[in-house]
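J.: This is the structure I want to talk about, given as structure tokens.
The values are calculated or read from the model by the stated rules, or taken from the named source; none is laboratory data. For clarity, every value in this text was computed on a predicted model and none was experimentally measured. Because the Cβ atoms are built from the backbone with ideal geometry, glycine has one as well, and the counts that use them run over all protein chains shown. In case anyone asks, the SASA skips ligands and DNA or RNA and just uses the protein heavy atoms, side chains included. Shrake-Rupley method; radii C 1.70, N 1.55, O 1.52, S 1.80 Å.
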Amino acid sequence: MCTKWPALPVVAGLAVGLLSGCGTENGVPGTDDSSVVIGMTDDVLATDPASGYDPGSWLLFNNVFQSLLSFPKGGTEPEPEAAEECSFTDTEARVYECTLRKDLKFSNGDPLTSKDVKFSFDRMMKIDDDAGPAIMFPMLDKVQTPSARKVVFRLKVSDATFPSKIASGAGSIVSEREYSDEGLRKDGGAVGSGPYKLDSFDKDKAVFSVNENYKGTAETQNSGVTLRFFHGDQDGLRKAILGNQVDAAYRGLAAEDIAEIEADATGGEDIDVVEGTSAEVHHLVFNMNDPVTGRIGVRKAIAHLLDRDALIDEVYENTATPLYSIIPAGITGHNTAFFDTYGGRPSRAKAAAALRADGITDKVKLTLWSTPTRYGPSTDREFKAIAEQLNASGLFDATVKSVPYDKYEKDIEAGEYGVYVKGWVPDYPDPDNFTAPFFGKGNVLGNNYTNSTITGRIIPRTAAVSDRGTTDDQFGELQDIVADQVPIIPVWQAKQYAVVRGNVYGLENCLDASTVFRFWEISKD
């Protein structure tokens with residue numbers, strides 16, 4: 001997700017585990033016995049799906065709006081949701097057809113037909129908001145509605161990932177009667193056909209109740225949800241969950257807080273830690289035009305010296321896992337190209353050899369660029385630790401500079417930095433979303449890297465393959481090329497956590513690689 005890069009502060013991951021809940025005798029903060037209050041440090045930046053392209057907004061969209069398809073809990077293959085069935089009707093993955101469920105309604109009682117689906121996509125593309133998801137659909141030619149329940153998408157080029165894209169928050173269906181195609185909705189309201197309806201929204205909270213008109217696959221386990229926004233205040237969120245002011249804390253707790261709570265969870269405190277899967281990643285990115293990092297020997301030397309295990313232990317309190325390729329574990333096509341090429345342990349000898357092979361004999365002066373909040377609260381510490389690792393080898397003289405995000409992005413675009421951090425949270429759990437945005441034409445990394453094999457053959461050919469499991473070899477080749485040329489170095493794959501009161505259940509069904517946080521899975525005794 002291009003503008004989602006900045007949004008996720010900490011953690012998402014591999015193993016799924018839930019510490020057993022033991023109930024509570026204390027009162028809970030919900031409005032009735034089964035309503036749930038959730039705190040998070042992210043904000044919801046938009047209630048209109050033509051604009052929002054950040055984790056907080058997509059959390060709202062996934063619960064208030066329906067898409068034609070959705071990702072089932074624990075799954076990465078989209079399944080019918082507002083649609084009864086969907087499929088490509090040609091062999092080139094350029095014509096995609098869906099049949100809607102019967103008698104769909106929006107939360108206000110208005111019928112939902114194919115015209116609303118067409119309107120939603122046409123509106124999103126027409127508005128083309130800078131902070132919106134229209135950027136995901138350059139392949140979309142037109143949407144047709146041969147009947148009230150039939151929708152046909154015609155694509156300009158083959159795109160087998162199209163089902164995953166429309167299953168995301170970008171595929172949210174809005175009512176033609178409630179929204180205008182002349183601009184974004186400004187009143188903070190939302191009318192969708194999802195499992196919940198938005199009752200109120202302000203800068204500090206959003207209140208949701210169950211949508212009685214909903215027809216789909218979700219089965220709600222509560223009577224409503226209130227989101228409390230802590231606006232980046234990690235300590236405030238920690239105090240709220242420990243002080244029984246919220247039922248669950250999702251997104252934004254510091255790694256050390258999670259580790260401390262998890263260690264104390266068996267000591268009598270009525271709090272549990274839920275760990276789930278995710279595909280959030282962090283990379284070192286190299287400017288290929290920079291006089292220092294543009295040299296292959298420098299990049300390979302850094303790859304040989306990076307100690308991922310130490311970073312995760314010392315900086316992230318083991319709330320992440322080492323990442324050795326650009327496609328994370330749990331996603332089709334993942335391999336371990338960087339482990340196979342550079343090993344799992346630092347090697348000064350191999351780093352020195354890489355520098356010598358590139359004619360570099362002097363100590364390499366290097367600045368690592370970070371930004372303090374956009375890619376997680378521990379990013380500056382992470383980069384300082386990497387600089388220390390490089391300097392400890394005696395081969396580098398590395399320093400770290402951290403700048404505000406607005407300056408950071410402008411300087412990257414201007415080519416001012418040699419090596420810098422980028423985080424990524426996928427729009428959809430497919431290998432294409434970890435490759436095409438990074439290495440395709442006009443890549444979002446801003447690092448001046450191109451490879452004709454990747455852009456000319458691998459990306460377009462894999463985009464045309466509907467059976468994603470058959471693309472492993474091609475995506476493996478892509479990852480091997482990246483490990484050999486080192487335009488980026490993958491560092492870690494996060495784990496995803498929620499901290500809950502002991503009488504709250506189901507969070508393990510909200511934390512997976514799809515990044516869909518499912519209100520309806522949460523229950524409370």
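J.: Are there any pairs with C-beta distances below 8 angstrom linking a residue in the stretch 385-409 that is closer than 16 Å to SER370 by Cα to a residue that is open to solvent by 70 Å² or more (accessible area, probe 1.4 Å) and at pLDDT below 95, with the two at least 6 apart or on different chains, and if so which?
T.: Listed by first residue and then by second, the contacts come to ALA385/GLU314; TYR405/THR373; TYR405/ARG374; TYR408/ARG374.
J.: Sort out which residues of the stretch 65-88 are assigned to a loop (DSSP other than H, G, I, E, B) and aliphatic (A, V, I, L, M), and write them in order of number.
T.: Residues satisfying the conditions are LEU68, ALA82.
J.: Would you be able to say whether some residue in the stretch 447-466 is without any contact (Cβ under 8 Å) to a residue 24 or more places away in the chain and surrounded by 18 or more Cβ atoms within 10 Å (Cβ to Cβ)?
T.: For the stretch 447-466, residues without any contact (Cβ under 8 Å) to a residue 24 or more places away in the chain and surrounded by 18 or more Cβ atoms within 10 Å (Cβ to Cβ): present.
J.: Mind checking which residues of the stretch 510-525 are polar (S, T, N, Q) and at pLDDT below 95?
T.: Residues satisfying the conditions are SER514, THR515.
J.: Kindly state which helices (runs of 4 or more DSSP H) lie completely within the stretch 367-484 and contain at least 2 residues that are over 24 Å from the mean Cα position of the chain (by Cα).
T.: Working: elements: 379-392, 405-413, 436-439, 459-463.
Helices (runs of 4 or more DSSP H) meeting the threshold: 379-392.
J.: Please determine, by comparing only the residues of the stretch 133-148 that are without any contact (Cβ under 8 Å) to a residue 60 or more places away in the chain and not hydrophobic (A, V, I, L, M, F, W, C), which one is surrounded by the most Cβ atoms within 10 Å (Cβ to Cβ).
T.: THR145
J.: Ok, one more. Within the stretch 90-129, how many residues turn out to be farther than 18 Å from GLY171 by Cβ, free of Cβ contacts under 8 Å to residues at least 40 places away in the same chain and either open to solvent by less than 30 Å² (accessible area, probe 1.4 Å) or out of contact with any Leu (no Cβ under 8 Å at 6 or more places or on another chain) (or both)?
T.: 2
J.: Now a separate question. Across the stretch 376-388, what is the total count of residues that are open to solvent by less than 40 Å² (accessible area, probe 1.4 Å) and touching a helix residue (DSSP H, G or I) at 6+ places or on another chain (Cβ under 9 Å)?
T.: Step one: filter the stretch 376-388 for residues open to solvent by less than 40 Å² (accessible area, probe 1.4 Å), giving 376, 378-380, 382-383, 385-387.
Remaining after also requiring touching a helix residue (DSSP H, G or I) at 6+ places or on another chain (Cβ under 9 Å): 376, 378, 382, 385-386.
Summing the residues that are open to solvent by less than 40 Å² (accessible area, probe 1.4 Å) and touching a helix residue (DSSP H, G or I) at 6+ places or on another chain (Cβ under 9 Å) in the stretch 376-388 gives 5.
J.: Continuing with the same structure: Within the stretch 484-525, count every residue that is open to solvent by 10 Å² or more (accessible area, probe 1.4 Å), touching a Ser or Thr at 6+ places or on another chain (Cβ under 6 Å) and among the aliphatic types (A, V, I, L, M).
T.: Of the residues in the stretch 484-525, 1 are open to solvent by 10 Å² or more (accessible area, probe 1.4 Å), touching a Ser or Thr at 6+ places or on another chain (Cβ under 6 Å) and among the aliphatic types (A, V, I, L, M).
J.: How many residues are open to solvent by 70 Å² or more (accessible area, probe 1.4 Å) and outside any loop (DSSP other than H, G, I, E, B) if we restrict to the stretch 181-200?
T.: Result for the stretch 181-200: 2.
J.: Another question, then. Identify the single condition in (1) touching a helix residue (DSSP H, G or I) at 6+ places or on another chain (Cβ under 8 Å); (2) surrounded by fewer than 16 Cβ atoms within 10 Å (Cβ to Cβ); (3) of a type outside the set (A, V, I, L, M, F, W, C) that PRO322 does not satisfy, given that it satisfies every other one.
T.: (2)
J.: Still on this structure, please answer the following. Against the conditions (1) out of contact with any helix residue (DSSP H, G or I) (no Cβ under 7 Å at 6 or more places or on another chain); (2) surrounded by fewer than 20 Cβ atoms within 10 Å (Cβ to Cβ); (3) part of a loop (DSSP other than H, G, I, E, B); (4) touching a residue at least 60 places away in the same chain (Cβ under 8 Å), where does THR332 fall short? Just the number, please.
T.: Answer for THR332: the failing condition is (1).
Residues checked against (1) within 24 Å of THR41 (Cα to Cα); (2) open to solvent by 40 Å² or more (accessible area, probe 1.4 Å):
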| position | (1), (2) |
| --- | --- |
| LYS350 | no, yes |
| GLY359 | no, yes |
| PRO404 | yes, yes |
| ILE412 | no, no |
| TYR420 | no, no |
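For (1) in a strand (DSSP E or B); (2) open to solvent by less than 30 Å² (accessible area, probe 1.4 Å); (3) at pLDDT 95 or above; (4) touching a Phe, Trp or Tyr at 6+ places or on another chain (Cβ under 7 Å), each residue gets a yes or a no:
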{"site": "PHE208", "(1), (2), (3), (4)": "yes, yes, yes, yes"}
{"site": "GLU212", "(1), (2), (3), (4)": "no, no, yes, no"}
{"site": "THR217", "(1), (2), (3), (4)": "no, no, yes, no"}
{"site": "GLN221", "(1), (2), (3), (4)": "no, no, yes, yes"}
{"site": "VAL225", "(1), (2), (3), (4)": "yes, yes, yes, yes"}
{"site": "HIS231", "(1), (2), (3), (4)": "no, no, no, no"}
{"site": "ASP235", "(1), (2), (3), (4)": "no, no, no, no"}
{"site": "ARG238", "(1), (2), (3), (4)": "no, no, no, no"}
{"site": "ASN244", "(1), (2), (3), (4)": "no, no, no, no"}
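J.: Six or more apart or on different chains, Cβ atoms under 6 Å: show the pairs whose first residue is in the stretch 338-363 and modelled with pLDDT of 95 or more and whose second is among the basic types (Lys, Arg).
T.: Matching pairs, first to second residue: ALA354/LYS300; ASP358/ARG295.
J.: Also: Does VAL44 satisfy the criteria of being among the aliphatic types (A, V, I, L, M), at pLDDT below 95, under 30 Å from VAL315 (Cα atoms) and crowded, with 24+ Cβ neighbours inside 10 Å? Please lay out each step first, then the result.
T.: On the way: among the aliphatic types (A, V, I, L, M): yes; at pLDDT below 95: yes; under 30 Å from VAL315 (Cα atoms): yes; crowded, with 24+ Cβ neighbours inside 10 Å: no.
For VAL44, the condition - among the aliphatic types (A, V, I, L, M), at pLDDT below 95, under 30 Å from VAL315 (Cα atoms) and crowded, with 24+ Cβ neighbours inside 10 Å - is not met.
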